Structures are given as C-alpha cells and as structure tokens.
Amino acid sequence: MPVTGKNVEVHPARLLPSDEIHAGFVDELNMALRRPRMYGSEIGLRMLIGHLLFIEGEP
C-alpha cells in the first residue's frame, strides 16, 4: 500500500532521490520556523537543522 504525501506518492520499496529528501527537510524546517511550538520549540528546530546538515554533508 503506497503512502501519499503532499505531491509525492511513496511506495515502501522505492527510495526517494536525495534532492527530494533535501527539499522535504527544507519544507519542514520552513514550517517549523513559522510555528516553532508545533515542532517542540528549540529542541524540534535543533533536530530538524541537525538532520538537514547531515543530508547536506556538513558535520
């Protein structure tokens, strides 16, 4: 059974390309910056930034 997102239908056996993963994290970070309390305030923002840096290959 596929899982649907905003604009992408994801099948469990299909991996997303790295540019789509990066775009998804950027979108999530933008939403979290607009509504930080919905994402756990500082802790949620720090986690999203950490994951985004990992995807971008930064230490």
Based on what the data block shows, is residue 53 modelled with pLDDT of 90 or more and touching a Phe, Trp or Tyr at 6+ places or on another chain (Cβ under 9 Å)? no
Residue 13 versus (1) loosely packed, with under 10 Cβ neighbours inside 10 Å; (2) modelled with pLDDT of 90 or more: which is the lone unmet condition? (2)
Give region 44-59 a look and list any residue that's in contact with a Leu (Cβ under 9 Å, 6 or more places away or on another chain) and among the charged types (D, E, K, R), or say none. 58
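The values are calculated or read from the model by the stated rules, or taken from the named source; none is laboratory data. Since the structure is predicted, the reported quantities are computational estimates derived from the model, not experimental observations. So basically every Cβ, Gly included, is an ideal-geometry build from the backbone, and we count neighbours across all protein chains shown.
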